Amino acid sequence: MSVRVEQFQGDPREWDAFVAGESGASGYHGYAWRGVLEQSFGHPSYYLAAREQGALSGVLPLVHMKSMLFGNFLVSLPFVTYGGLLSRSEASGHALLHAAEELRTKLGARHVELRHTGDCELELPAKRHKVAMVLPLAGDEDLMWGSVGVKVRNQVRKAQRSGLETIWGGAELLDDFYAVFVRNMRDLGTPVYARSFFATVLAGLPEQTRIVVIRTNGQPAAAGLLFWHGETLEIPWASSIRDYNPLCPNNLMYWEAIRHGVSLGLRRFDLGRSTPGAGTFKFKEQWGARPEPLAWHYLLPAGEKLPDLTNQNPKYSLAIEAWRRMPLPVTRFIGPPIVRRIP
C-alpha cells in the first residue's frame, strides 16, 4: 500500500483524533502544542503526516531550532519530555522518518532528535540516559495516602502543621508560580522561560491545566503547573524556594497534586524525567514512583556523534556557575532569549 507524506495544514481535529487513538501518544502530540510552541518561542514547526488511502496513518511533529551556540537541529518536541513518531504501520513510520531526514538535509540541520518512551523500538542511534518516574494512581485518596512511605507522610503532616496554605487556580496565580520558578531556576543555574510561555500554555489548554501554589504567611514557597491528558497527570514545571525547605512545601505540593489526579479519575502520575540515582530521582522514588525507560532517537549524518546539549556537558559548567550568582531581575530579563534556544 502506498504512503504519502505531507506537511499537515488540515483540520486540527483530524490530527487530534488520530493522536487520541494511538496508545503511544503523549499529551504533547496534541495539535494545540504547535500553537503554544510557535507563539512562545518563534521557532518554525513542521508537522509531518503520513496518509494511506487518504486517511492519516502516522504523524511526526518537528520544531526547527537554530543558534550560534547550540547549532542547527530539529526536535520532536523541545521544552517537554515527549514527542516523536506515531505510526499505525511500519510503512508509514519509515516514510515519516525518510521525510524527516530529507527535511534535515534541506534545512542544513545537524540532527533530528525524537523523544520517545522506551517502548519505541527503532534501528537508530539513541540515548537512554533518562527515565520517567511514574506513580500509579488508585481511585481512592486514602489508598494513595497509605501507599506512600512513612517518611513522606510525616513530611506532608509537618507541612500541614506549619500552617502552609494550598491555593488552586489558573492564570490569576501565574505571578506566584513564576516568582518561585524564576528563583529556583536561578539557583539551579538554568536560564528561565518567559512568563508569557506559561500564560500561553494556560490559555491554549484551559481544560487540561491548573496551577497549585503553596503559601506561607501569604508568600509563595512552592508552585507547580499541572497538565493532564488521557489517564495521565503531569507536573512538568514545579519549583520550591530552598529557604522554606524546613517547612516541606514541596512535599505538600506533590501530595496535593496526587489528590487532584485522584479527583479527576486519572490512573497515572508522571512526575517527570530524571537521571537514575540523582536527587530528583530519589525524591520521586520515595513517593512510590517507578522508572520507565526513555529513548531519544537521532537521525544523524554518517559518522556523526550523538549530541549533548544537557547541563551535564562540562562545556557549560562555567556558564551554570555564573548564572547561579546573577541577581534575580537580571536572570528574569536575559533568561528567556537564551532558553528559547535550548531544547
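Structural remarks
- Within a Gaussian network of the chain (alpha carbon springs, distance under 10 Å), most fluctuating of Leu62, Leu233, Leu122: Leu122
- Taking amide hydrogens as placed 1.01 Å from N in the peptide plane, the amide H of Ala295 sits under 5 Å from those of His116, Thr117, Gly118, each at least 5 positions away in sequence or on another chain.
- Dipole check for the chain: with +1 at the C-beta of Lys and Arg, -1 at the C-beta of Asp and Glu, and the Cα centre as origin, the magnitude is about 1280 Debye.
- Among His297, Ala95, Gln286 the positive-end extreme of the charge dipole of the chain (Cβ point charges): Gln286
- By the helix-only formula, in which each DSSP H run with n ≥ 4 contributes -39500 (n - 2.57) and the sum is divided by residues, the chain has a 222 nm mean residue ellipticity of -11000 deg cm²/dmol.
- Here the 3J(HN,Hα) profile of the range 131-137, calculated from phi with Karplus coefficients 6.51, -1.76 and 1.60 at θ = phi - 60°, is 10, 8, 9, 10, 10, x, 9 Hz, Gly and Pro shown as x.
- Of Leu143, Phe227, Gly204, farthest towards positive along the dipole that unit charges on Lys, Arg, Asp, Glu beta carbons give the range 138-266: Leu143
- The range 218-292 and the range 1-69: distance between their alpha carbon centers, rounded to Å: 28 Å
- Whole-Hz couplings from phi, Karplus 6.51/-1.76/1.60, listed for the range 60-72; x for Gly and Pro: 8, x, 10, 10, 9, 10, 8, 7, 5, 7, 9, x, 10
- Three-way shape call for the range 138-216 based on the alpha-carbon gyration tensor, with the a/c threshold at 1.5: prolate
- Interchain or long-range residues, amide H under 5 Å from Leu62's placed H: Tyr46, Tyr47, Leu48
- In order along the range 297-303, the Karplus-derived 3J(HN,Hα) couplings, from 6.51 cos²θ - 1.76 cosθ + 1.60 at θ = phi - 60°, round to 8, 9, 9, 9, x, 4, x Hz, and Gly and Pro are given as x.
- Dipole moment magnitude, nearest 20 debye, the range 1-125 about Cα centre, only Lys, Arg, Asp, Glu C-beta charged: 400 debye
A short reminder: the numbers here are calculations on the coordinates, not readings from a lab. This structure is a prediction, so every number in the text was calculated from the model and none was measured. Here the Cβ is made from the backbone with ideal geometry for all residues, glycine too, and neighbour counts use every protein chain on show.
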